[in-house]
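Report on the following structure.
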Number of protein chains: 2
Amino acid sequence: MYIPTFDDVAQAHERIKPYIHRTPVLTSRYFDDLTGAQLFFKCENFQKAGAFKARGASNAVFGLADALAAKGVATHSSGNHGLSLSYAGGRRGIPVTVVMPRTAPEAKKAAVRGYGGRVVECEPSTTSREAVFAEVVAESGADFVHPYNDARVIAGQATCSKEMVEDIGDLDAVIAPIGGGGMISGSCLTLSEILPKTKIYAAEPLNADDACRSFKAGHIIADDAPETVADGLKVPLKELTWHFVSNHVTDVLLATEDEIIEAMYLTWQRMKIVIEPSSAVPLATILKNRKLFEGKRVGVILTGGNVDLKKLPWM
Amino acid sequence: MYIPTFDDVAQAHERIKPYIHRTPVLTSRYFDDLTGAQLFFKCENFQKAGAFKARGASNAVFGLADALAAKGVATHSSGNHGLSLSYAGGRRGIPVTVVMPRTAPEAKKAAVRGYGGRVVECEPSTTSREAVFAEVVAESGADFVHPYNDARVIAGQATCSKEMVEDIGDLDAVIAPIGGGGMISGSCLTLSEILPKTKIYAAEPLNADDACRSFKAGHIIADDAPETVADGLKVPLKELTWHFVSNHVTDVLLATEDEIIEAMYLTWQRMKIVIEPSSAVPLATILKNRKLFEGKRVGVILTGGNVDLKKLPWM
């Protein structure tokens, strides 16, 4: 298992700069008053393809040697990673295949195709997904880009915290949502190198608290299909992300579904930005752990803004 | 009738700087591809109190001599101007009275009170509003700050285009929504001075096309209570705004309700920002008048982001 280093992050940043946005960091007087902290919101909802995943996907795609790249890349993800890989592959002009359950929303399939990706459908089971995916790779020779358990992907996600620190300087804490742990791992990788005293918090839905239980147990616990409005955060940790979580995370904080929806609603209402439910989990945990953050400079990563505007969780 | 000058704008800008945001200008590859133009979105939805109206209100409030200011300010507006005047008055620590129909949504009354403003209710008729408002002014000696037919307010709104030009340079055209004409007048005031070749377009709902008909007729036409989703744009032009519209506007472009809602939806979906229906009218007219804007650098003023998130027009 290769553990990416900060050199990989610096290289990733140079490599992906032409293909990603240097997203802005927004502040909010309202939320500072409400929390007693000084919050810096890193807006990856404004990122290409609508989420931070464009960073890792672009690093994987543009890091491939030409001969390998020509065979294309593939992944199984009906969420932001599939979309981002399609975006990055489209920018490089190589084939991208995304294996998705045939039951996934048509809008998500259309979005992948909109960026030039090819959707291959499987049955909605792990067995079918793995079989179909193996077939795709065997046929095409495509390079598998895992959504998070991949050193190139983590090095790419790590450029997010790097930009934030470059733009706003020292931070007492950084908080990001945790699903498979790609963004948190990237944040650990960057911050342990350039701001080693900064505390790193992972924010997780109570309904999908496998990372929290893993953190407490000292080994990976994976749940089967948890249900949460924060649909980007249902997947379990894997070896590489567990390495970073177990070594660098200060704590994993939890929020209920209602708290997540309320934080999401408040963010839309007061900051006038569209974020997806997963992005609201950190603010939800800050609001219920006021003492932990009061008086502190806190970086909050808003991970994405891909949401079905016709089906909002507070309706 | 005093016509504000660019000197007034420069003074207004200095005066209000501590109380307003210098809002960002965003771009969108998606909308550039869709329109063939280069669009620069000036994001007044991120402005204090959620709309550009904070500029004019702050200029009026902070321009008052102490003795006058002590008596407070008053207006009749159930929309963004009432909110913004409450915000500005609150920052200066003077009384603000907003006369609103008792039938106005409770959320709007609560928002005014949230900024420290006092709500005085009237019946939902012009007669009652004027009678109640006259009483408020007679009792308190408060200074009347009209939502748009006021030189101080127009000079304040004019700082929006000033910032945009300072930040992004030359523009072939600027487009903004038109209701009473405060923002358009401010844009005319600034641009006719600093970028006199720039074309100025006003964008209006077809359902409330009084400014368009006025523009064509050569005199003010006022409609009685038009119905449109763009609820900030129902009010008619007045002498001062008519002066600017009739002298400096290139054309008034119209959009249907469906076109406005579609442009609003697309803006939320692709730019991940919350804008109110009125703010979407310019983009709606650009999309249907492609040839007018193709190949041009166009400033698009997104006027505000105050919207009921529980009642979206596409639901």
Placing a label point 7 Å from Cα toward Cβ, how far apart in nm is B:LYS197 from its equivalents in the other copies, listed shortest first to one decimal? 5.5
Taking the Cβ of each residue in B:VAL98, B:VAL245, B:VAL132 as the centre, tally the other Cβ atoms inside 10 Å and list the residues starting with the fewest. B:VAL132, B:VAL245, B:VAL98
Student exercise, chain A dipole from Lys, Arg, Asp, Glu Cβ charges, in Debye to nearest 20: 760 debye
Order these by the 10 Å Cβ neighbour count, fewest first: A:LEU233, B:LEU206, A:LEU253. B:LEU206, A:LEU253, A:LEU233
Using θ = phi - 60° and the Karplus form 6.51 cos²θ - 1.76 cosθ + 1.60, what ³J(HN,Hα) does each residue of region A:140-147 get, whole Hz, x for Gly and Pro? 9, x, 5, 7, 7, 10, 5, x
Between A:ILE194 and A:LYS288, with labels modelled 7 Å along Cα→Cβ, what's the label distance in nm to one decimal, could you check? 3.2 nm
Based on alpha-carbon centroids, what's the gap between region A:1-65 and region A:137-163 in Å, whole number please? 14 Å
Counting alpha carbon pairs within less than 8 Å and at least 6 residues apart, what relative contact order, in whole percent, applies to region B:54-144? 32 percent
What ³J(HN,Hα) values, in whole Hz, does the Karplus curve 6.51 cos²θ - 1.76 cosθ + 1.60 give for region B:262-267 when θ = phi - 60°, with x put for Gly and Pro? 5, 5, 5, 4, 4, 5
Could you state the orientation-averaged shadow area of the convex hull built on the Cα atoms of region B:54-144, in nm² to one decimal? 5.0 nm²
Out of A:ALA12, A:SER125, A:ALA138, whose Cα points farthest toward the positive end of the dipole of the protein assembly as shown (charges: +1 Lys, Arg; -1 Asp, Glu; placed on Cβ)? A:ALA12
With Cα atoms, 0 to 90° folded angle of helix B:182-194 axis to chain B main axis: 60 degrees
Let me check against my output: what whole-number percent is the relative contact order of chain B, with C-alpha pairs under 8 Å and at least 6 apart? 22 percent
Kindly provide the trypsin sites (Lys or Arg not before Pro) of region B:83-164 that DSSP labels as loop, not H, G, I, E or B, and whose Cβ sees at most 15 other Cβ atoms within 10 Å. B:ARG102
Testing the spin-label approximation: label points 7 Å from Cα along Cα→Cβ at A:GLN11 and B:SER140. State their distance in nm. 6.6 nm
Residues in region A:102-140, backbone N under 15 Å from the label point at A:ASP66 (7 Å along the Cα-to-beta-carbon vector): list them, ranges by number please. none
If A:ILE275, A:ILE20, B:ILE261 are placed from fewest to most neighbouring beta carbons inside 10 Å, the sequence is B:ILE261, A:ILE275, A:ILE20
Debye, to nearest 20: dipole size of the protein assembly as shown, +1 on Lys, Arg Cβ, -1 on Asp, Glu Cβ: 660 debye
Suppose you put the label 7 Å out from Cα in the Cβ direction; list, shortest first and in nm with one decimal, how far B:THR126 is from each other copy's label. 7.0
Dipole of the protein assembly as shown (Lys/Arg Cβ +1, Asp/Glu Cβ -1, origin at the Cα centre): which of B:THR256, B:TRP242, A:VAL229 lies farthest to the positive side? B:TRP242
Expressed in nanometres to one decimal, the distance between label points 7 Å along Cα→Cβ at A:ILE3 and B:GLU121 is 6.6 nm
Beyond 19 Å between alpha-carbons counts as too far, so tell me which of B:LYS216/B:LYS296; A:LYS48/A:LYS108; A:LYS108/B:LYS42; B:LYS48/B:LYS109; B:LYS162/B:LYS197; A:LYS42/A:LYS291 fall in that bin. B:LYS216/B:LYS296; A:LYS108/B:LYS42; A:LYS42/A:LYS291
What's the longest uninterrupted piece of chain B once you rule out the GluC sites (Glu not before Pro) that are loop residues per DSSP with at most 15 other Cβ within 10 Å? B:1-226
Express the relative contact order of region A:1-159 as a whole percentage, based on alpha carbon pairs under 8 Å and six or more residues apart in sequence. 27 percent
Under the definition of partner shielding as Cβ atoms of other protein chains within 10 Å of a residue Cβ, what is the mean value for peptide B:295-308? 1
Taking the Cα centre of region A:215-270 as origin, sum charge times position over the Cβ atoms of Lys and Arg (+1) and Asp and Glu (-1), and report the length of that vector in debye to the nearest 20. 280 debye
To one decimal place, what orientation-averaged projected area in nm² is obtained for the convex hull of the Cα set of chain A? 14.7 nm²
Across the identical copies, how the B:ALA217 labels are spaced - nm, sorted shortest first, 7 Å along Cα→Cβ: 7.5
When Cβ neighbours within 10 Å are restricted to other protein chains, what is their mean count per residue of peptide B:264-270? 3
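Every read-out reported here was derived from the displayed coordinates using simple, explicitly stated rules and does not represent laboratory data. Since the structure is predicted, the reported quantities are computational estimates derived from the model, not experimental observations. Every residue, glycine as well, gets a Cβ built from its backbone with ideal geometry; the counts of neighbours run over all protein chains shown.
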